[in-house]
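Engineer: Submitted below is the structure of interest, expressed as structure tokens.
The values are calculated or read from the model by the stated rules, or taken from the named source; none is laboratory data. None of these values were measured; they are calculated from a predicted model. In this analysis, Cβ positions are derived from the backbone assuming ideal geometry, glycine residues included, and neighbour counts consider all displayed protein chains.
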């Protein structure tokens, strides 16, 4: 089960990275639109926490290997989603606006593709 969670997470991160690389100008607009709809924003935050908890509950291994990367990703999803849920909304908006530059999204896309391929097992 843990291997399946790792592979699914790897594919998810890989495809998210491809999406960012292909549509990097659209991604910053999507984030801006997400910030306009608080109900949707908080729903996405709770889904982020839920996905992180699923990863952590199935795959909480702190050994130095590929599994550690998945554990760190799971915990970072829980922490990030929780921070978005409990921080004041103006602080979140100000913090997210720092990431509206297209080059940030291009670099993030490349990193996501590499991480995804690593989790799937292509880069070992």
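Engineer: Residue check: is residue 119 at pLDDT below 90 and surrounded by 14 or more Cβ atoms within 10 Å (Cβ to Cβ)?
Structural biologist: Values: at pLDDT below 90: yes; surrounded by 14 or more Cβ atoms within 10 Å (Cβ to Cβ): yes.
When the stated conditions are applied, residue 119 passes them.
Engineer: Residues 40, 34: which one is free of Cβ contacts under 8 Å to residues at least 24 places away in the same chain, surrounded by fewer than 13 Cβ atoms within 10 Å (Cβ to Cβ) and touching a helix residue (DSSP H, G or I) at 6+ places or on another chain (Cβ under 8 Å)?
Structural biologist: 40
Engineer: Also, I was wondering about something else. When the residues of the stretch 86-102 are narrowed to those that are at pLDDT 80 or above and in contact with a helix residue (DSSP H, G or I) (Cβ under 9 Å, 6 or more places away or on another chain), which ends up surrounded by the most Cβ atoms within 10 Å (Cβ to Cβ)? Give the steps one after another, and end with the answer.
Structural biologist: The first filter runs over the stretch 86-102 and keeps only residues at pLDDT 80 or above, leaving 86-95.
Of the ones still in play, those that are also in contact with a helix residue (DSSP H, G or I) (Cβ under 9 Å, 6 or more places away or on another chain) are 87, 89, 92-93.
Numbers: 87: 11, 89: 12, 92: 17, 93: 13.
Here the residue is 92.
Engineer: Residues 35, 48: which one is part of a helix (DSSP H, G or I) and at pLDDT below 85?
Structural biologist: Working: 48 fails: at pLDDT below 85.
Residue meeting the stated conditions: 35.
Engineer: Right, another one. List every residue pair whose Cβ atoms sit under 8 Å apart, with the two residues 6 or more apart in sequence or on different chains, where the first one lies in the stretch 1-30 and is in contact (Cβ under 8 Å) with a residue 60 or more places away in the chain and the second, anywhere, is buried (at least 18 other Cβ atoms within 10 Å of the Cβ) and outside any helix (DSSP H, G or I).
Structural biologist: Final answer for the pair search is 2/59; 5/59; 6/59.
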